[in-house]
Amino acid sequence: MTMQPEQGIGRELGLGEVISKTFEVYRREFAKYFVLFAIVGVIVQVVITLAQQTFVLPNLPVNATPQQFSAYFSALFGALLLLFVVIFVVNIVFSTIAEGSAVKLASEQITKGQASLGAAVKFAFSKLLSIWALSILVGFIALIVPGIILAIMYSLALPVLLIENKGVTESMGRSRQLVSHRWAKTFGTFLVLGIIVIIASLIFGAISAPLGIISPVVNGILSAFYQPLFPILMAVYYYSNLARISQPPPGQMPMGPPVTFQAGMKLCPTCGAQNVSSATFCTKCGARLN
């Protein structure tokens, strides 16, 4: 099934408009995004801190013997492996659910004007295996294709998976279609937001660092201010590109049988469909009505 352009984004947005729309969507449902990522951030930080205290890295004795060197590296490797496993598992479970939920929240917000946090989390959880499969496949391809090219090609694979309900490989192909002829713009859009997020993370990291034992918890909460931005951006950029590839070429109207225009109706300038006079966006193609 081909998705129609969503009602809030009836045309392709410029780079600045995409960033502006991302912050607009975030601002309107700030509480939901913040609560979601604050809970996940605290869970992740607390689990990682407990793991670091549990799997303590050994110290190498002064003037160590060859046997002590061997025992040290064995213990070090074991502790690092356990830490890696814990960090990997907690992030791939909780962070993945948060990111998927945020994409779904933004999509529902843009298309329907409102969104349910509980429904978004439940939906993301139901898609967890597909999201993992997508991440693993993209990661495997990253061993062959340079990372920057891969990031551009599959930047919209996750929103396609969640919004269009496509399979893993279909989502990847659809993402390439959506960003085709827009590689530089895609790179620039994510780069701009990336710089904003890095600056925010440095500021909040400096705030939480001196707080000692509660530093991980505070950092997890503060990170919730900026972590929702990337998933929201993916949803906004998805709909912007969807509008671009869904619109017919300028000056070309879709062919079809003659339509009798009814009084009190609005005629869509893009697809020619009739809409009620109070409509703001076309119910057929999503274009803005005059």
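Using the basic label-point model (7 angstrom from Cα toward the beta carbon), what is the L81 to L60 distance in nanometres?
The modelled label-to-label distance comes out at 2.0 nm.
Any idea of the accessible area per residue across segment 180-232, 1.4 Å probe, to the nearest Å²? Please list the in-between numbers first.
Values: 2750 Å² over 53 residues.
The answer is 52 Å² per residue.
What FRET efficiency do you get for S126 and Y72 if R0 is 41 Å and r is their Cβ-Cβ distance, rounded to the nearest 0.05?
Numbers: r = 46 Å, r/R0 = 1.12.
In this case the efficiency is close to 0.35.
Put a dot 7 Å past each Cα toward the Cβ at S95 and L202; how far apart are the dots in nm?
Once both label points are built, they end up 2.0 nm from each other.
Taking 0.36 nm per residue of sequence separation and subtracting the Cα-Cα distance, how much length would be gained by fully extending the chain between I213 and T49, in nm to one decimal?
Difference between extended and current length: 58.1 nm.
Output wanted: per-residue J couplings in Hz (rounded whole) for segment 172-187, from phi through Karplus 6.51 cos²θ - 1.76 cosθ + 1.60, θ = phi - 60°, x for Gly and Pro.
Using θ = phi - 60°, the values come out as 5, x, 5, 4, 4, 5, 5, 9, 4, 6, 9, 5, 5, 5, 4, 4 Hz.
Students often get this wrong, so check it: of K32/K112; K21/K127; K21/K122; K32/K127; K21/K166, which have C-alpha atoms separated by over 22 Å? If you can, show how the numbers build up before the last one.
Details: K32/K112 16 Å; K21/K127 26 Å; K21/K122 25 Å; K32/K127 20 Å; K21/K166 25 Å.
Too far apart for the 22 Å limit: K21/K127; K21/K122; K21/K166.
Of S95, T22, Y33, which is farthest towards the positive pole of segment 14-103's charge dipole, taken about the Cα centre with +1 and -1 on the beta-carbons of Lys, Arg and Asp, Glu respectively?
Farthest towards the positive pole: Y33.
So, with a 1.4 angstrom probe, what is the percent of accessible area on segment 49-158 that is carbon and sulfur?
It is 72 percent, rounded to a whole number.
Summing +1 for each Lys or Arg and -1 for each Asp or Glu, what net charge is found among the other residues whose Cβ lies under 15 Å from the Cβ of F230?
Residues close to F230 contribute a combined charge of +1.
The values are calculated or read from the model by the stated rules, or taken from the named source; none is laboratory data. Computed from a prediction, not measured in an experiment: that's the story for all the values here. Note that we place each Cβ from the backbone using ideal geometry, even for glycine, and neighbour counts take in every protein chain shown. SASA here: full protein model, heavy atoms, side chains in, ligands and nucleic acids out. Shrake-Rupley method; radii C 1.70, N 1.55, O 1.52, S 1.80 Å.
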